[in-house]
Each structure stands twice: as structure tokens, then as C-alpha cells.
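Read the structure below first, then the notes.
Since every read-out is calculated from the coordinates, none of them should be taken as a lab result. Because the structure is a prediction, the values reported are computed rather than measured. In this analysis, Cβ positions are derived from the backbone assuming ideal geometry, glycine residues included, and neighbour counts consider all displayed protein chains.
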Amino acid sequence: MTEATLALARAGDGAAFRALVEPYRRELQAHCYRILGSVQDAEDVLQEVMLAAWRSIGRFDGRSLRAWLYRIATNRCLNYLRGESRRPQPADLPGYRTEAGRSEEPWWLEPFPGGLDELTPGPESRYDARESIALSFVAGLQHLSPQQRVVLVLRDVLGFPAAETAEILGITRAAVNSALVRARDALPPDRNPHEVPLPKSPAEVAVVDRFVSAFERGDLEELVTLLTDDARLTMPPEPDEHRGPGPIAHFLVYTHVGLEVKLLPARANGQPALVLYLPDPHAPIWRANGLIVLSLRGERIQSMTRFGDQSVLARFGYPRTLPRG
């Protein structure tokens, strides 16, 4: 940030304002996503953040632009959470009538497109980039109270000092420390990051390739061997959850019995993901049917989260249909 650019932005120069804030857009989107759990909600709030920043740039004190933007973004997210009743309730959503268990995942959970290149934790962060955006971590955050959630994200994910976090939220440092302790105690334990293969490493590629091959062939036994004993399959916003290698493998095979499947590679939340295509019975094309995000542990799959909303697929840049050659 240069004084000249800031002066132009304060004088109403839109290009100068964009030059100031654009470098922070992606990380602010990720920040809103962690707090809200929904990419669509995060995008909506981010638009409000940019508009609010544009309207108040004349009052910016010139110290830390990043902290100032995070203050606006965090408080806009908190305002959104106060109005959560705008969301339809889970009971209003359709669900499978099966013998599967009921998922505790937040039904509004959505996958975050792409990798980790733009996400850089601060010096006091307790999480590295891939942990800080992992789907299971974001889902766990949704079970915390709004204040606990934002304090944990600001302190442990972004590495803001306690005093700066207190300033962003307009609360005391003691309140920040208290909320952080409660948040750490309440956050469900996540996977050991040392057990997760590095992104795009040979180990990760090998597991994903085995899964694709087994799924496309409908190989029940191979799918069972690929899943950890505590594996789970969830499908937000559907309330059902399948647990264990056998039930999950049976669900994958028998819900697609007699159908060819096509899986194309993607990345979501810094994790391997697959876009699922099924054949159209009336035309020589494939139709996009869902996105499956894989969470790995060593050489096996610990969890799968399947998203079927077409708007989710659109964010990943994949077409709704493909020709069948």
C-alpha cells in the first residue's frame, strides 16, 4: 500500500481502491467461508465487505489495511450469523428414507474451490494452510458459538495477536482469551495432519487412482479395502450418514448398479475431489451428478463428502454435460 494510492482511493478513485483491496480478496473469502461454512454465503458477505470498505475508506487510519479489512469482514459475518433464521431449517429439507444414521454435519456446508496457494497463516497460527481450510475443520467450526468461532479463526488460523483480535471484535483481551480456551475445548479433534498425504503427492495420487478405478468398475471388495474402519460418508444437505467400509461401499456400488460412471479430478478445500458424471439415458452424453471430496489417512480414505447441488459444481468450472465418445 502506497500513500499515493491510498490518497487516490480516499478521493473516490475506484481503480486505486481495487488496487488496495484486491490482494486480500481471496483470503477474505476464505475467512468468511470458514466462519459461515457456505461458499455462497461467503461470496454474498464478501460483496458487503467490499462495499462497506469502499464507503468508509476515508475513515481508514492508515495503519494495517489487512487488519482493517478483517475487522469489517468479521463483523459482517457475525451480523450474518445473527440473522441465520433466514436459512430454511433442516426439517424442511428432503432426506433419504434409509437405514443410514443421521449426520451431525452442518447441512449448509459447501466445498471451497481450489487449493492453498493464496492462504498464508500468520506467525502465531496453530494450523498450517491445508489444515485451516480442510472440510472437516470448517464443519467443526460450525458447531462453535459465533464468538468462539471468530476468535479461534482470528487467533489460531490467521495468527492475529490477542490484542489485535480484541480490537477487531471490540471486546477485551480477557474476553478473547476466554473465548479461545472454550473454542479449543469444544472443537472436535481433527485428523493428525502427519497422517494425511501431501497435496498432489505420489501417495495421494495412488489412493485417488485406486478409488476411481474401483468405483468405475463397481468393485465392492476393493472399495472396502480402501476405506478406514471409521470411515464415513455424508451428503449435505441430506441428513443421512453412512459409517464403516461395508455400508459405504455397498451404498456407492448399489446406488449406481447397472450404470457407467465417469470421475474427473478436482480439488476442494485443498483436498482431492472428483466430479461424478452419469450417462443420460436418452442422449449420448454424460451429465454431472455430484462432487465427492475425499479426506485421506495414510493410504486409505477416512471420509467422503458428496455434494449434488449443480450450483456447487458450477463453481469448480466443470460443464454440466460431456459428450460420450
Charge dipole (debye, nearest 20) of the chain; +1 at Cβ of Lys and Arg, -1 at Cβ of Asp and Glu = 800
Under the Karplus curve 6.51 cos²θ - 1.76 cosθ + 1.60, θ = phi - 60°, whole-Hz ³J(HN,Hα) for segment 50-56, x wherever Gly or Pro sits = 5, 5, 5, 5, 4, 5, 10
In degrees from 0 to 90, rounded to the nearest 10, what is the angle of the helix 245-254 Cα long axis to the longest principal axis of the chain?
-> 70
Contour minus end-to-end for Leu259 and Ser64, with contour as 0.36 nm per residue of separation and end-to-end as the Cα-Cα distance?
-> 64.6 nm
Just need the relative contact order of the chain here, percent rounded to a whole number, with Cα pairs under 8 Å and 6+ apart.
-> 16
Just from its helices, what would the mean residue ellipticity at 222 nm be for the chain, if runs of 4 or more DSSP H residues each count -39500 (n - 2.57) and the sum is divided by every residue, rounded to the nearest 500 deg cm²/dmol?
-> -14000 deg cm²/dmol
At 0.36 nm per residue, minus the direct Cα-Cα distance, what do Ala174 and Asn79 gain on full extension? Give it in nm, one decimal, please.
-> 32.0 nm
How large is ³J(HN,Hα) for each residue in segment 266-282, as worked out from phi by the Karplus curve 6.51 cos²θ - 1.76 cosθ + 1.60 (θ = phi - 60°), to whole Hz, x for Gly and Pro?
-> 8, 9, 9, 6, x, 10, x, 9, 9, 8, 9, 10, 10, x, 7, x, 10
Rounded to 0.05, the calculated FRET efficiency for the beta carbons of Thr5 and Glu43 at R₀ = 30 Å is 0.70
If packing is taken as the mean number of other Cβ atoms within 10 Å per residue, what is the order of 205-214, 58-67, highest first?
-> 205-214, 58-67
Which of Thr5, Ala16, Met50 sits farthest toward the positive end of the charge dipole of segment 1-88, with +1 on the Cβ of Lys and Arg and -1 on the Cβ of Asp and Glu?
-> Met50
If you bin the C-alpha pair distances of segment 1-83 every 5 Å from 0, what whole percents do you get?
-> 3, 16, 29, 23, 15, 9, 5, 1
Of every Cα-Cα pair in the chain, the percentage lying beyond 26 Å is 52
Could the peptides 137-148, 171-182, 286-297 be put in order, highest first, of the mean number of other beta-carbon atoms found within 10 Å of their residues?
-> 286-297, 137-148, 171-182
Return the long-range amide H neighbours of Leu227 (sequence gap of 5 or more, or a different chain), with a cut-off of under 5 Å between placed amide H atoms.
-> Ile301
Extending each Cα 7 Å along its Cβ direction at Ala163 and Asp13, get the distance between those two points in nm, one decimal.
-> 3.4
Backbone N under 16 Å from the Val212 label point (7 Å along Cα→Cβ), restricted to segment 303-325 = 318-319
